[in-house]
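Working notes, beginning with the structure itself.
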Amino acid sequence: MIRRAGDFFLLQTPGTAYAFRVMETGHLEHLYYGAALGWTTETPEHQILSDCAALTEKRVFEPGNSIAYDREHKAVNLEDLRQEISSRGKGDIRDPFLEIRYPDGSVTSDFLFDSAEIRTGKTSMETLPGAWGTEADAEELTVTLKDRDLTLELCYSVFLDCDVICRRSRLYNGGDDPVTVERLMSAQLDLDTDGWELALFHGAWAREMDKHDVSVGTARVVNASVTGTSSNRNNPFVILHRPDAGESAGACYGFNLIYSGNHYTSAQANAYRKTRLLTGINPETFSWHLEPGQTLEAPEVVTAFSPGGFRGLSRILHHFVREHIVRGVWQHKPRPVLLNSWEAAYFDINETKLLRLARAARDVGVELFVMDDGWFADRSDDSRSLGDWDANPKKLPGGVAGLAKKVRELGLDFGIWIEPEMVNTDSDLYRAHPEWSMDIPGRPHSEGRNQRVLDLSNPEVVEHLIRRFTELLSSAEISYVKWDMNRIFSDVYSRYLPPDRQGETAHRYVMGLYRLMGALTERFPEILFEGCASGGNRFDLGILCYCPQIWASDNTDAVCRVHIQEGYSYGYPMNCVTSHVSACPNHQTLRETPLMTRFNVAAFGVLGYEMNLADLNRGELDEIRNEIALYKLWREVLQQGDFYRIQHGNIHKWICVSKDKRLAVGMMFQQMVWPNTQYENFRPVGLDENLRYRFYSLSYKFDIREFGDLVNTVAPIHIRQNSLVHNVLAKFVSLPAEVEDVTVSGSVLMKAGVKLAPAYGGTGFNEQTRYFQDFGSRLYFIEAVD
Ligand code: DGJ
């Protein structure tokens with residue numbers, strides 16, 4: 001709901017409210033963002049006016065040695081006013097929302113209210129992707145402010161099916177002279193308290209999304225990227241929360257930009273214990289020449305509030321991303337189980353090898369075969385050929401089309417890897433168009449993975465790529481594309497732009513990327529596009545507007561993956577996070593983990609395989625076959641259900657619950673075995689208290705003495721007619737085991753939990769070692785009984 005009552009504006013989602021007002025001076029005073037305050041479309045206007053009047057800040061004194069806005073408004077001290085947007089020069093000395101350099105060299109702006117418009121539905125942006133909504137589930141408020149000839153639009157999109165408000169801004173130059181925009185943020189939130197913490201998701205290649213909390217004090221906390229990508233160093237998603245917030249309680253604000261380039265979020269308390277959070281394009285690497293008659297759009301930011309802790313916030317964001325970010329035919333369609341050739345063969349691929357792998361994949365139940373890097377031109381390592389997208393005839397005698405046909409004849413879908421944004425200097429494309437790559441003329445270039453970034457700020461480059469990849473994707477029956485991007489920016493420079501506009505390069509690159517992704521995803525709506533940037537170097541909502549899923553990390557080690565996937569789960573639904581079972585010793589960590597754990601962890605993302613199946617023994621292949629069959633039975637719950645973190649530490653517990661709360665899959669994962677620990681229980685969340693559920697597990701045997709090796713065998717515990725797992729269980733060998741199999745009410749399950757059975761009295765060496773071996777895990781299945 002959006003309402004205007006006098007000078008007050010109210011925005012309300014089912015569980016949150018947001019309010020601001022136009023002051024006498026024309027500034028926008030922020031009044032409130034938090035839990036819903038009970039306003040409805042029926043609330044009489046006089047009540048709203050009196051409620052809101054209580055929220056406005058009462059000021060009567062001139063503000064010490066601070067700046068008074070003007071002679072008529074001596075008590076208006078912008079340094080201590082909660083505002084919807086702020087700028088430099090009129091007394092607000094905090095980090096500003098915008099900064100504009102005028103032709104006379106001054107940087108003082110003062111944007112004041114001009115008009116406002118409320119409409120139903122969700123409008124789109126011209127140059128950037130955004131959330132989407134219909135007339136039925138979204139309303140929009142656009143507030144227009146003016147400073148001389150410049151017009152600033154603030155757009156608030158309120159979603160009626162979840163507690164999300166999207167915000168964005170747009171600057172128009174209606175004057176006769178150009179101005180330089182040094183920063184234009186997407187959203188500002190001024191809170192009237194201090195003592196907040198900012199949860200950041202920090203990392204690096206193969207170590208993505210490590211959550212840590214930083215106290216927000218009077219020194220500015222900044223989460224930013226200058227890599228040209230949203231980056232694995234600092235994901236653009238942040239949570240501003242009370243220090244006592246936990247998984248199930250505590251105030252949490254989530255912010256996530258729908259943007260894939262250099263971003264910036266700052267948080268800082270001022271001298272009056274108010275906290276400001278700003279988020280938008282990183283001003284450090286940005287400067288924009290705004291000509292008369294031109295408009296600059298800042299990316300949309302998703303904001304959400306939950307009084308229910310991190311889990312509550314994740315619930316809101318998961319729903320929002322699924323319903324209002326991801327789009328197209330794959331939005332709710334089951335994602336196929338794939339096998340990717342990368343860790344199976346790296347660059348050393350050819351048709352015979354790939355078909356052998358595809359056949360083995362088909363035999364264990366894989367649905368989609370993906371040919372990764374190494375298939376084109378002279379690509380035998382990472383030093384050449386990016387840019388030349390013709391199949392290598394020695395590796396693929398029948399070309400991509402020939403291989404795709406043969407893979408399809410095996411009964412599998414076919415997918416391909418591409419890296420459109422890059423070029424190797426050893427390539428025909430570079431030789432023909434050296435000026436298309438991003439480097440500084442006359443200066444040596446710093447390399448990243450032996451490749452250079454194509455200058456997507458140049459429309460000619462983008463049009464070339466649209467043509468070239470339209471040809472490629474039309475040339476064969478391709479149903480999946482992995483879109484990779486394997487280096488960060490250095491030597492940022494566009495030959496297309498004049499010297500005084502080089503500050504636009506990074507943002508124009510992102511706009512060019514969106515033009516390219518938009519054109520190809522529109523031209524090939526049936527293809528499932530998966531984003532990738534050396535794993536999770538560009539895991540963000542901008543990419544998710546085009547690619548319903550993203551390769552979350554090049555790290556396929558199950559132990560690391562538990563942490564990485566859990567990190568993503570704070571802000572992203574798990575059906576956006578792809579996860580593969582790979583070989584052991586793991587290629588990134590050299591760690592050995594049970595095959596079953598690799599499956600259990602990967603099954604909570606979108607499941608895939610990335611290993612040479614020919615290296616596996618019959619037992620392992622049988623296990624994989626059974627696990628894939630099990631996954632397919634529970635795929636809808638795992639991919640479309642609601643994911644919750646239940647516990648983390650040495651033992652992690654997760655659960656995924658179907659929308660109707662009748663089915664759920666839980667997981668317990670133990671990092672290291674400790675002897676003589678407490679008995680564990682499993683206390684699900686998200687179920688229906690009033691239903692009765694059967695809670696059971698499939699146990700597995702671990703007997704080092706018998707096999708002389710680590711061998712896991714899935715054993716059926718309970719074969720029950722009409723059970724979802726009945727058919728799969730029938731294929732397993734029966735082994736005696738202590739397992740869970742109880743029927744219990746949702747209320748007991750969620751309030752008290754189920755005491756878990758120890759696994760076979762431990763490892764066999766020490767019966768006090770109760771749960772699995774190191775890196776062991778178990779799935780729990782929960783089915784409502786009629
Ligand atoms: C990086 C990706 O993250 C990998 O999965 C793989 O596709 C390689 N690039 C191929 O070069």
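Each reported figure results from applying straightforward, stated rules to the coordinates on display, with no laboratory input. These figures come from a predicted structure and were not determined experimentally. Cβ placement follows ideal geometry from the backbone for every residue including glycine, while neighbour counts extend to all protein chains displayed.
Run the quick spin-label model on residue 213 and residue 271: label points 7 Å from Cα toward the beta carbon, then report their separation in nm to one decimal.
Between residue 213 and residue 271, the simple spin-label model gives 3.0 nm.
Tilt of helix 399-409 relative to the longest C-alpha principal axis of the chain, in degrees (0 to 90, nearest 10)?
Computed tilt is about 60 degrees.
Based on the Cβ-Cβ distance of residue 755 and residue 363, what FRET efficiency does E = 1/(1 + (r/R0)^6) give at R0 = 41 Å, to the nearest 0.05?
Using R0 = 41 Å, I get an efficiency of 0.55.
Which whole-Hz couplings ³J(HN,Hα) result when phi for each residue of segment 63-77 is put into the Karplus expression 6.51 cos²θ - 1.76 cosθ + 1.60, θ = phi - 60°, listed in order with x for Gly and Pro?
Coupling constants for segment 63-77: x, x, 8, 7, 9, 8, 4, 7, 4, 7, 10, 5, 8, 8, 10 Hz.
Which parts of segment 460-478 would a label at residue 432 reach, counting a residue when its backbone N lies under 11 Å from a point 7 Å out along Cα-to-Cβ?
Taking a point 7 Å out along Cα→Cβ of residue 432, the residues of segment 460-478 whose backbone N falls under 11 Å are 464-465, 468.
Residue 648 to residue 350: extension gain in nm, 0.36 nm per residue of separation minus the Cα-Cα distance?
Additional length available on full extension: 103.0 nm.
Rounded to the nearest 500, what is the chain's calculated 222 nm mean residue ellipticity when only DSSP H runs of at least 4 contribute -39500 (n - 2.57) each, over all residues?
-6000 deg cm²/dmol
How many angstrom lie between the Cα centre of segment 450-479 and the Cα centre of segment 223-279?
So the two Cα centres are separated by 34 Å.
In what sequence, highest mean first, do 338-349, 598-609, 117-128 appear when ranked by Cβ atoms within 10 angstrom?
598-609, 338-349, 117-128
Is segment 45-160 best put as rounded, prolate or oblate by its Cα gyration tensor, with a ≥ b ≥ c the root eigenvalues, rounded for a/c under 1.5, and otherwise prolate when a/b is larger than b/c, oblate when not?
Oblate, because a/c is 1.5 or more while a/b does not exceed b/c.
Charges at C-beta only: +1 for Lys and Arg, -1 for Asp and Glu. How large is the resulting dipole of the chain about its Cα centre, in Debye rounded to 20?
1720 debye
Which entries of 211/632; 353/482; 405/482; 394/482; 632/661 show an alpha-carbon separation above 28 angstrom in the structure shown?
Over 28 Å apart, Cα to Cα: 211/632.
Once both labels are modelled 7 Å past Cα along the beta-carbon direction, what's the residue 449-residue 72 spacing in nm?
It works out to 5.9 nm between the two label points.
Compute the angle between helix 45-55 and the longest alpha-carbon principal axis of the chain, please, reported from 0 to 90 degrees and rounded to the nearest 10.
90 degrees
Report the full-extension gain for the segment residue 672 to residue 592: residue separation times 0.36 nm, less the Cα-Cα distance, to one decimal in nm.
27.5 nm
Going highest first, how would you order 656-663, 156-163 by mean Cβ packing within 10 Å?
Sorting 656-663, 156-163 by mean packing, highest first, produces 156-163, 656-663.
Could you check the spin-label model distance between residue 4 and residue 134? Points 7 Å from the Cα along Cα→Cβ, value in nm.
With each label point 7 Å from Cα toward Cβ, the separation is 2.8 nm.
Rounded, prolate or oblate: pick one for segment 238-369, where a ≥ b ≥ c are the square roots of the eigenvalues of its C-alpha gyration tensor, a/c under 1.5 means rounded, and failing that, prolate if a/b is larger than b/c, else oblate.
The shape class here is prolate.
Which distance in Å, rounded to a whole number, links the C-alpha centroids of segment 346-381 and segment 572-646?
Each part's Cα centre sits 19 Å from the other's.
Taking R0 as 25 Å, what's the FRET efficiency between residue 115 and residue 24 from their Cβ-Cβ distance, rounded to 0.05?
That pair, residue 115 with residue 24, gives E of 0.90.
Taking a quarter of the surface of the Cα convex hull of segment 506-555, what do you get in nm²?
Answer in nm², one decimal: 3.5.
Would you please give the FRET efficiency between residue 495 and residue 284, computed as 1/(1 + (r/R0)^6) with r the Cβ-Cβ distance and R0 = 25 Å, to the nearest 0.05?
The calculated FRET efficiency here is 0.65.
Going by the alpha-carbon gyration tensor, a ≥ b ≥ c the square roots of its eigenvalues, is the chain rounded (a/c under 1.5) or, if a/c is not under 1.5, prolate (a/b greater than b/c) versus oblate?
Oblate shape, in that a/c is at least 1.5 and b/c is the bigger or equal ratio.
Please work out the Cα center distance from segment 658-694 to segment 495-514, rounded to the nearest Å.
Comparing the Cα centres of segment 658-694 and segment 495-514, I get a distance of 50 Å.
Once the Cα atoms of helix 618-640 and of the chain are each reduced to a long axis, what angle between those two axes, in degrees from 0 to 90 to the nearest 10, is obtained?
Compared with the principal axis, the helix lies near 30 degrees.
How large, in Å, is segment 362-479 by the Kirkwood hydrodynamic radius built from its alpha-carbon pairs?
Mean inverse Cα-Cα distance, inverted, gives 15.5 Å.
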